[in-house]
1. Report the FRET efficiency, 1/(1 + (r/R0)^6), for ALA101 and THR184, where r is their Cβ-Cβ distance and R0 is 51 Å, rounded to 0.05.
2. Sort LEU637, LEU114 by accessible area with a 1.4 Å probe, largest first.
3. Peptides 284-292, 67-75: what's the order by average Cβ count within 10 Å, highest mean first?
4. Please compute the length gained on full extension between LYS632 and ALA258, using 0.36 nm multiplied by the number of residues separating them and subtracting their Cα-Cα distance.
5. On a straight-distance basis, which aspartates and glutamates could pair with LYS157 in a cross-link, Cα separation under 17 angstrom, same-chain partners fewer than 8 positions away excluded?
6. Taking the alpha-carbon distance from LYS549 and a cut-off under 30 Å, which lysines remain once sequence neighbours fewer than 8 residues away in the same chain are dropped?
7. Got a number for carbon plus sulfur as a percent of the stretch 162-256's accessible area, 1.4 Å probe?
8. Taking all protein chains as present, what is the carbon and sulfur share of the accessible area of the stretch 68-111, in % to the nearest whole number, probe 1.4 Å?
Amino acid sequence: MSFIGVSASKTVIYTNQHHSMRPSFTIFTKYAPISFVLCLLLALFCANIQAQTCDRVGWVSSVEPGCGAKIVDLDNGNIILAVSGAENLLGGKTFSFAATAAPPPIGSCGITGLETVNLSCVSEILPCTVDFLVERSKFDIMSRGFKAAVYDGNVQKCSWTFSDGATATGKEVYHVFPYEGVFTVTLTVQDPWGCSLVESKNIYISGISEACQYTIEVTAVNKELFASIANTSPDEHVLSNIKWYFKKSGQILSTNAAFSMQLPSYGNYLVCADYTSSKADDGQICDATMCQQIIVSEPDCKRPFNNPTNISICAPAFVPVCSCEGITYNNECEAMQAGVTGWWAGTCATVSGICAADVAIGGISGSPAIGYTVEFNNQTFGDFEKIQLDFGDGSPLFESSNWTSTSHYYSNGGIYRVNLEAWKDGACVSSVTRLLTTDAYSHQFKNLPTGTDYVMPGDANGDRKANMYDLLNLGVGFYHEGAPRPNAHSAWSPQFAPNWSEKVGGVVNFKHLDCDGNGSINVFDTDPLEQHYAALKVTNQDSEPGLPKVWVQYNNNLDTITINPQIPAVVTLNADIMLGTPQQPALGIYGLAFALQYPEPVEHNPNVDYDDNSFLGPVNHILTLNRDFHDKRQLDLGIVRTNGIKTGGYGRVASVAMELDFIIIVDIIERNSSNIIPLTSVVSNIKAVDEKGNEIKLSVPVTLDTIWLNVLDLTSSNKSVLSDKATVFPNPATDQTAVIVPQGMVVESIEVYDALGKITHTIAGVSNRVQRLQTDQWAAGVHTLKIRTSEGIIEKRVCVIK
């Protein structure tokens, strides 16, 4: 699409080089009379003149009146001189254009050697494209530079996201990633003319930077610096011309591939290496410079970590700790994120007193090549009988009631959560935690250990909830024994417990499985779990192909169950919970937990049966639990083995018997105006584990097993008598019964007569269509009900049995 602007001195053709929805031109000179413009348009149209396209982009370097404009072609960097069509251009302007060759200007412009052109198309609109380049940083291996491939960052607005919570704006941005991994970097480009495009690229961030098939590794243990150059390629390369130096001072440190030295003081150091790498087979040479910054600081109470994105990694749990700086934090995690390196369990108002556990971290020796040896000094005071030191690396606990110092070897660098607990039953209990950083390079935000690690009785998987998933962990740790929890109780509050040596799936310490705190994991640990149980939060689960399925299979041997409302009977749905098929068996199963959503007419507490023929085997080798939440129509079930042996195959996991409530059935019929009710049971929130506690993926079927409930019609012509419109159920009754009338009819009052015709009970002001009657205090025998309704009086008889 083309447009034409006309001035008194020239004609300039403007075009839209992008798409028809964007405006096509913005630059005009003083316009000629409209009649002249229309005539010219018609003439050009009749002559079939083809308009040119503004297919080039330039930047106006300078404008000299009478001589033209110097323009930098932004696609190739060439400088051209526009001698015509540039009268309205200003210096510093980015624009789209088309040009034709023109002779050099006549006169004393003094401009030579440049390509001279006439501008035949001028537009402010820039190409609607999106792309960006990624540049590595020489000085920070976790950093990258990003440059958008746009022509003018002032009008082509660039917005960036880095999939770590950080954002940025601008044509060129610089970002420090918080940890190693793959990040999706997304650039959005928008301009005033309707362009809006998005481009995403996956960027791999590694803690190892490479240059010429080598990388440098720099760290410090206390004030001893360790530096080396490491080959990152399987091909053989030869190093030469090595020179290590401090970037700031230029001081030469070494000419060897690896060296160590004592630093003069604590502080920030930017250590660099120049080197030449030559390929052994063809002698190809590569020169490189690599730098790495390290912070060498003296151990103290607070050593903030670099958290570039400022994202909180902590769950909102209130498990307070008092830091070494005297500030109470909500939990360990928040203290760590603030850079605190030591804290006591409890608020600052409660931890001080006549007894307190404390440990000081002494000298650290070693190197990344040989590991690290750390000295610990006991500074505990007070009346304690037991002291336990957890080194934080999964090694056996150090236990002694009388020790001054001990040392421990760490094979790998990192940040370790060292915990010392001291207690005396019935007296003092104190817990102190210190963060140990082995070396300067390891002092990174990504290496912080997880917290908070206190026990909530009944929470056996550390998610601050008590539900069926915790039962699975109890089965994993069944029969194990460890340190009992000091002053253990079953209240739902954080309790400080010594760590055990084992973990579920390498994550959750077995001390969480000891729900009652007696030092042994057994069936009694289900008591706190049941005490604090909260229903699984049900979410819809989609069927996933290729996975073993869990589903409900009705075994009433009928597709349809028919009920006569005049002779209501107890109807029970019998169902099996099934797992796997011959074609798709479930393998490696140790435990299974899920939520069963049952049909609305089902009464409270469906009966669950686990027997010796169930999928997970004999009942003397399994731990089971089920909890009913009738208001949610939800039954949570869990079953896990206790013998440490997983199983596989397919079959029935458990049987469930569900009795139907006739009153609810009547409500459903009148609500939906249908006597046919489909009954389905949905399995969701499935979690299965192996014998180590590792999760196993299971799914649900696409189609659910269904039983249809058919209630005979109450409104047929032979049921027109008023007394037939009321139903009393159950009848005979024991503790209670109910009077039910159809939709549209209302029970106003009920009088109850005994066998001698004496009124024994009166229920007035009902105004409902369903009225429940408590019959537990009625005498045994037949009672007559005189039911006053909105359509008249109905008499019914009910038999009360004891």
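The values are calculated or read from the model by the stated rules, or taken from the named source; none is laboratory data. Since this is a predicted model, take the numbers as computed values, not measurements. Cβ coordinates were reconstructed from backbone atoms using ideal geometry, including for glycine residues, and neighbour counts include every protein chain displayed. The area values use the complete protein model at the heavy-atom level, side chains included, leaving out ligands, DNA and RNA. Shrake-Rupley method; radii C 1.70, N 1.55, O 1.52, S 1.80 Å.
1. On the way: r = 47 Å, r/R0 = 0.91.
It comes out at approximately 0.65.
2. Listed by decreasing accessible area, they come as LEU114, LEU637.
3. Working: 284-292: 16.1, 67-75: 19.9.
Listed from highest to lowest mean packing, they are 67-75, 284-292.
4. Gain on stretching LYS632 to ALA258: 128.0 nm.
5. Within the straight-line cut-off, LYS157 pairs with GLU124, ASP131, GLU172, ASP191, GLU199.
6. Qualifying lysines at Cα under 30 Å: LYS465, LYS503, LYS537, LYS632, LYS646, LYS687, LYS692, LYS697.
7. Working: 2210 of 4820 Å².
Carbon and sulfur together cover 46 percent of it.
8. 53 percent
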